[in-house]
Amino acid sequence: MARQGAMAMELNPISSAGEQTVGADIEALVGRLYPICRSITGDGVRKTLSILSEHIAIRRIEIPTGMEVFDWTIPEEWNIRDAYIADLLGRRIVDFGANSLHVVSYSVPVHQIMSMSELRPHLHILPDQPDLIPYRTSYYNRNWGFCLSRNQLEAMGDGPFEVRIDATLEPGSLTIGEIFIPGEIAEEILISTHICHPSMANDNCSGLAIAAFIAARAERAGLRHSLRVLFVPGTIGSLAWLALNDAETWRIAHGLVITGLGDRGDFTYKRSRLGNARIDRAAVHVLSGCGGDPKIIDFSPWGYDERQYCSPGLNLPVGRLTRSPHGEFPEYHSSADDLTFVSAEALEEALVAIEDIIAVIDQDRTYRSTNQKGEPRLGKYGLYRTVAGQSGKVPEMAMLWVLNLSDGRNSLLDIAQRSGQPFSEIRMAADALHGAGLLEDVSKRAG
Amino acid sequence: MARQGAMAMELNPISSAGEQTVGADIEALVGRLYPICRSITGDGVRKTLSILSEHIAIRRIEIPTGMEVFDWTIPEEWNIRDAYIADLLGRRIVDFGANSLHVVSYSVPVHQIMSMSELRPHLHILPDQPDLIPYRTSYYNRNWGFCLSRNQLEAMGDGPFEVRIDATLEPGSLTIGEIFIPGEIAEEILISTHICHPSMANDNCSGLAIAAFIAARAERAGLRHSLRVLFVPGTIGSLAWLALNDAETWRIAHGLVITGLGDRGDFTYKRSRLGNARIDRAAVHVLSGCGGDPKIIDFSPWGYDERQYCSPGLNLPVGRLTRSPHGEFPEYHSSADDLTFVSAEALEEALVAIEDIIAVIDQDRTYRSTNQKGEPRLGKYGLYRTVAGQSGKVPEMAMLWVLNLSDGRNSLLDIAQRSGQPFSEIRMAADALHGAGLLEDVSKRAG
Amino acid sequence: MARQGAMAMELNPISSAGEQTVGADIEALVGRLYPICRSITGDGVRKTLSILSEHIAIRRIEIPTGMEVFDWTIPEEWNIRDAYIADLLGRRIVDFGANSLHVVSYSVPVHQIMSMSELRPHLHILPDQPDLIPYRTSYYNRNWGFCLSRNQLEAMGDGPFEVRIDATLEPGSLTIGEIFIPGEIAEEILISTHICHPSMANDNCSGLAIAAFIAARAERAGLRHSLRVLFVPGTIGSLAWLALNDAETWRIAHGLVITGLGDRGDFTYKRSRLGNARIDRAAVHVLSGCGGDPKIIDFSPWGYDERQYCSPGLNLPVGRLTRSPHGEFPEYHSSADDLTFVSAEALEEALVAIEDIIAVIDQDRTYRSTNQKGEPRLGKYGLYRTVAGQSGKVPEMAMLWVLNLSDGRNSLLDIAQRSGQPFSEIRMAADALHGAGLLEDVSKRAG
């Protein structure tokens, strides 16, 4: 995929050759987050936020067990210290210490000697992928279980086994991480990513790391819009945040759920339920100039937290950016989603794409040409090549499009879309024309 | 074509293996209607209605000769007892008794000895299909004629011939058959089919037989909408019915002209003049799930009685369902459209498709989710699989679509269309959600 | 490309076989205009208008140097008598007399002995097309220069050279040619073509000649709409006309910029900024029936005078018809655009297409069928074939479309578009139906 990043570079320069690239920095952060056992509650989330906080201050919101959020209730807090299946000599056959995926998330504690026939109903494998450990959860149904590879299972024999899950499921709280960077206007751009998945690099250490970098870079660069970044446990976390901020969700003028951005697949953008909101148009415009073969898919009530942001009574303009969509690659929700599955290059490209989308939203303006009848004579303003028939340096086509469509109704994004010119060129042309007094800014005041 | 029929089966079970299939029953009825010589008036129509009345009560409307209906006038009634061309030894060369197509419909009586040169202008053949008898009419131009195969004509010699048409063309009446099954609401679904064609199995014994079965089965099953079935002589019959019911046509909320449904071609749905009425959307949705390669064509003022229902001052939402469209298959309007041209399987598939379209219209509802903000927790209502990552029996995607789009504006058909899920699954999901108290019925009261 | 011309022939017959074709007449006119050195001002324009005036009276508008037109100012008038580069023996190496392209348009006078190194910055070639002379201008930047082929340049040696441009650049006026043919209504159809290009046959002797023929033929035939034809120097000419007629531009109800119509490429129609104005729909309809592979392209603010007519504060419904678009063929803006590059056949086809587009606009009407409910019985009015099943001479499908869609809202062009029937057949059907009293003319009164 070709590197664009014209916009991103204005927010914050992407590292030059010779330096450590920002992609490598993100990859390193992914590596630190990877081993932690996260779930929808518990210390794994808090430890993750602590590491992310090394890059930018993150506010923690703790929501107590039992609190009602819309149709849901904050569950008990789950914490796990150790878990294993061992033979009676104490040799661990399946060991939580080796991979946090080995325990079904939210497993109740167990410590018992049992035969394979007793144990088997609690074991989860991927029959068609004999080397891989699956990822399983049982949040709202009290149960326990282990996930292991089919190869491990087949080598286990009949037992007896010592089975232990040293976990607690007790009243506590659910933790959300929130960053808010106030801009010049109250309208917010939301970036939301889920923090509940254990040791999987792409799903979702990639989203967590990129979100932290975006926030840190945006804080340094400064945006016109306010920026809100949420690290939420999937579903229950976004519901809880929405319930707590019910009177303020109107401020979310544009939003992106981000996840699964480190693999080698092309980008996939899923439209908001609104279908053609500004965020949708900005994302489509940026991705279409990104190279590769980006897929643009319609909204469906399946996926990540966009399901909640786009529920009918909220209907927020929130789309979703991923690479290979969830459930459509063999490594999905398994131990194959490890650190080798993500790359610095893919992570950096994703950062650039998201920053470009944010820039399009943030830098969009609506102008009215001061020459409504006929074109202005660009040469008078030093904006024309000197000998006709030879092309100049100024993006003349972009200037002509801006002049022709700037009737006070079309924004720069509208003009970029209709003309097929990159937003960056349209904005450059508009800046030149505005500087020459040929455009009047008639953008609606937001916020 | 794959058998769907999920909806039809609820209206009335389609016969199971081992029994006589409903398709065979329809085919048998086609076989009984086939020999009768029908025209736009006369006893052939009445005899046809008598046979159809063995399946369901049919009201006859007799409209007297000379009555004006819009721009038209009810013609004299035509009845025919016998017709032939014979040699002077009385041997019949062309015999109406062998095939009712042999006489041009509405031929005035004739009984005369004539040479081939006198007779020839009254003979109609299909030059390129030497075995086939064409179908010809001369309703509004007093004339007489015989239709025969080119082979018959070439074997006739120079004559002289005895030419006889024992017919009467006298004041009488035009006959329409009407079935009305009142539903819970005054809004009607109209099924209209033409009853004026003589011995052709597909055009239109197929439409007549299927319409009778639909009415009989709907009466047993019960519909929310009222159902009106019309057996009308083509053009003049629908015009007469519309003129007589001019103040009540607004009740026709959805309609289908059906004909030519027994051949082996894929379905063809012709949209109403409105283009995207509920009937159009329901038909497109059902046919797209039917297998085969259904064709959806735009309205044109050519074809059957949809021309009248869709005239500009009525503009009723009436589409048309056929298989191979009229005029586009070699057997069209000829003796090749005989009983071998239709099959029980094709007839039953057509019945199922029409009943499914009716069911979509009849069972469509508009709901509002009781959880407008955020999804409900389906597990609380027993509507969720127990271990995440394993699929359950409930059509979860359909439930999520219904919940997400049920904002009080989208009906189940809208949801089926946007989601690409079959209407039957969307309705099943809606029933489950409604049963759990998660949906409120906000359908507009009709009628 | 197939010849249509059904409409054009009604305006004015296209010459029959045996006669001199109108295409040959246009080609002959192109040949007379070709040698003249035109620019945005000066006697070349006036001489061109004199020749065109042999076909139809043309009003000249002289706009004085220094007058402000919107953001622009009428420049000094440029006239050139002679120009050459010669060796010191007086042998001309580059001679304006041989081709008016040899001098950069608007060159200031020069007469000097200079070496190649001094001269070279003033020489323009096409490096990749060694035989061709480019076309260059320097209207708003005082400069001088010569255009020549690369081969000429390479043969020139180091000089010294006598360099002479015998031109004047002095206060004078800019000349516009205008034809106005009043019709029955005040709404105008505008044909605009640029008159500022020197010796290039396609760009734009073709447009000039065709425009004159269209005006002359329309004057003889008579139109309902008023017709205005403008011969304008590119950009500054249309701006000047628009500025002078600022209060009257609303009368331009439909417009076409025409140019480059004599080459062998298929037609290219560029939509107005409005995108789907009546002129756009008429052009698309006519071209789609023209044969060949016409291209329909969206508006962009690049090209000819449509840029000014479609500036945001005017936004006139003006499209553009060319064959191969400017800049997309190798002969563009060079000496290869000579008389061999255009053909009588292509010129005549273009005339026919434009006249057909004008005819669709001019002959469009909106009717209301007097039978809103049900079809009328065409046989009563002598408009039906006598024996059903055999096709008659009357375009029955066109009649049925007109009857069905004539609800007072659809014009004949709307009906032609929706039905896919040629406008000429739809109009013929409408005339027959109107003659029989079956249609009432409910066209909005224009003007």
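Read-outs throughout are calculated quantities, based only on the coordinates presented, and are distinct from any laboratory measurement. Keep in mind that this is a model prediction, so the values were computed, not measured. Here the Cβ is made from the backbone with ideal geometry for all residues, glycine too, and neighbour counts use every protein chain on show.
Relative to the first principal axis of the alpha-carbon coordinates of chain C, what is the inclination of helix C:207-221, with its axis defined by its Cα atoms, in degrees from 0 to 90 and to the nearest 10?
So the helix axis and the longest Cα principal axis differ by about 40 degrees.
Is there a pair in A:LYS270/A:LYS444; B:LYS270/C:LYS270; C:LYS47/C:LYS295 whose C-alpha atoms are over 32 Å apart, and which pairs would that be?
B:LYS270/C:LYS270; C:LYS47/C:LYS295
With Cβ to Cβ distances under 10 Å as the rule, what net charge do the other residues near A:TYR140 carry (K, R +1; D, E -1)?
It works out to a net charge of +3.
Tally Lys and Arg at +1 and Asp and Glu at -1 over the other residues with C-beta under 12 Å from the C-beta of A:PHE231: what net charge comes out?
Once positives and negatives cancel, what remains is +3.
Nothing charged except the Cβ atoms of Lys and Arg (+1) and of Asp and Glu (-1): what's the magnitude of the dipole of segment B:248-403 about its Cα centre? Round to the nearest 20 debye.
It works out to roughly 1200 debye.
Which listed residue (B:ILE165, B:LEU148, B:MET116) has the Cα farthest towards the positive end of the charge dipole for segment B:86-165, taking +1 on Lys and Arg C-beta and -1 on Asp and Glu C-beta about the Cα centre?
The one lying farthest along the dipole's positive direction is B:ILE165.
When a footprinting reagent is the concern and you count Cβ atoms within 10 Å, what order do A:THR41, C:THR366 take, fewest first?
Ascending number of Cβ neighbours within 10 Å: C:THR366, A:THR41.
Any chance you could tell me what percent of the C-alpha pair distances in the protein assembly as shown go past 67 Å? Before the final figure, lay out the partial values.
Working: 250662 of 898470 pairs.
More than 67 Å apart: 28 percent of the Cα pairs in the protein assembly as shown.
Hey, can you grab everything whose amide H is under 5 Å from the amide H of A:LEU174? Only 5+ residues off in sequence or another chain; H modelled, so Pro and N-termini drop out.
A:ILE63, A:THR65
Given Cα positions, please report Rg to Rh for segment B:366-441, the hydrodynamic radius being the Kirkwood one. Working shown, then result.
Details: Rg = 11.5 Å, Rh = 12.2 Å.
Rounded to two decimals, Rg over Rh is 0.94.
Write down the radius of gyration of segment C:60-180 and its Dmax, each obtained from C-alpha positions, in Å.
16.4, 55
Given points 7 Å out from each Cα along the Cα-Cβ axis, report the A:GLU440 to B:ASP266 separation in nanometres with one decimal.
About 5.7 nm, to one decimal.
Let me know the volume per residue of the alpha-carbon convex hull for chain B, in Å³.
Numbers: hull volume 67.3 nm³, N = 447.
Convex hull of Cα atoms, per residue: 151 Å³.
Using modelled amide H (1.01 Å from N, peptide plane; none on Pro or chain starts), what sits under 5 Å from the amide H of C:VAL257, excluding residues fewer than 5 places away?
Excluding prolines and chain starts, which carry no amide H, the hits are C:SER192, C:GLY319, C:ARG320, C:LEU321.
Counting only other chains, and only Cβ atoms inside 10 Å, what mean value do you get across the residues of A:305-316?
4
How far is helix B:22-33 tilted, in degrees, relative to the longest principal axis of the Cα atoms in chain B, given as a value from 0 to 90 rounded to the nearest 10?
So the helix axis and the longest Cα principal axis differ by about 20 degrees.
Could you work out the relative contact order of segment C:296-447, using alpha carbon pairs under 8 angstrom and six or more residues apart, expressed as a whole percent?
23
In peptide A:364-377, what is the residue-averaged number of other protein chain Cβ atoms found within 10 Å of each Cβ?
The shielding value for this peptide is 5.
When each copy gets a label point 7 Å from Cα toward the beta-carbon at C:GLU118, what are the spacings between them in nm, shortest first?
Output for C:GLU118: 11.0, 11.1 nm, nearest copy listed first.
Taking θ as phi - 60°, what are the ³J(HN,Hα) couplings along segment B:54-61 by the Karplus curve (6.51, -1.76, 1.60), each to the nearest whole Hz, with x for Gly and Pro?
5, 9, 6, 4, 10, 7, 9, 10
Report the rotationally averaged projected area of segment C:206-266 based on its alpha-carbon convex hull, in square nanometres.
For the Cα atoms of segment C:206-266, the hull's average projected area reads 5.3 nm².
Where a ≥ b ≥ c are the square roots of the eigenvalues of the C-alpha gyration tensor, would you call segment A:278-434 rounded, which needs a/c under 1.5, or, failing that, prolate if a/b is larger than b/c, or oblate? Kindly include the intermediate steps, with their values, before the conclusion.
On the way: a/c = 3.73, a/b = 2.01, b/c = 1.86.
Judged from the Cα gyration tensor, segment A:278-434 comes out prolate (a/c at least 1.5, a/b above b/c).
If you take every DSSP beta bridge fully contained in chain C, what fraction is antiparallel? Give it as a percent rounded to 5.
If I count the DSSP bridges inside chain C, around 65 percent turn out antiparallel.
Using just the helices of chain A, give the 222 nm mean residue ellipticity in deg cm²/dmol: DSSP H runs with n ≥ 4 each add -39,500 (n - 2.57), and the total is spread over all residues, rounded to 500. Mind dumping the intermediate values first?
Details: 13 runs with 127 residues, N = 447.
Per the formula, -8500 deg cm²/dmol.
For B:TRP144, C:TRP250, what's the fewest-to-most ordering of other Cβ within 10 Å of each Cβ?
The most exposed by this proxy come first: C:TRP250, B:TRP144.
Have a look at the DSSP beta bridges in the protein assembly as shown and tell me what percent are antiparallel, nearest 5.
Bridges in the protein assembly as shown that DSSP calls antiparallel: roughly 65 percent.
Which loop chymotrypsin sites (Phe, Trp or Tyr not before Pro) in segment C:73-129, with loop taken from DSSP, have no more than 13 other Cβ atoms within 10 angstrom of their Cβ?
Answer by residue number: there is no such site.
If you average the sequence gap of Cα pairs under 8 Å that are 6 or more apart and divide by the length of chain C, what percent do you get for the contact order?
18 percent.
Taking neighbour counts of Cβ atoms within 10 Å as a proxy for exposure, in what order, fewest first, do B:LEU256, C:LEU148 appear?
The fewest-first ordering by Cβ neighbours comes to C:LEU148, B:LEU256.
Name the GluC sites (Glu not before Pro) in segment A:270-373 that are in a loop by DSSP and that have at most 12 other C-beta atoms within 10 Å, would you?
Loop-located and lightly packed - A:GLU328.
At 7 angstrom along the Cα-to-beta-carbon line, where would the label on B:GLY313 sit relative to the other copies? Give the distances in nm, shortest first.
Shortest to longest, the spacings are 5.1, 5.1 nm.
Tell me the angle of helix B:43-52 to the major Cα principal axis of chain B, expressed in degrees between 0 and 90 and rounded to the nearest ten.
Compared with the principal axis, the helix lies near 30 degrees.
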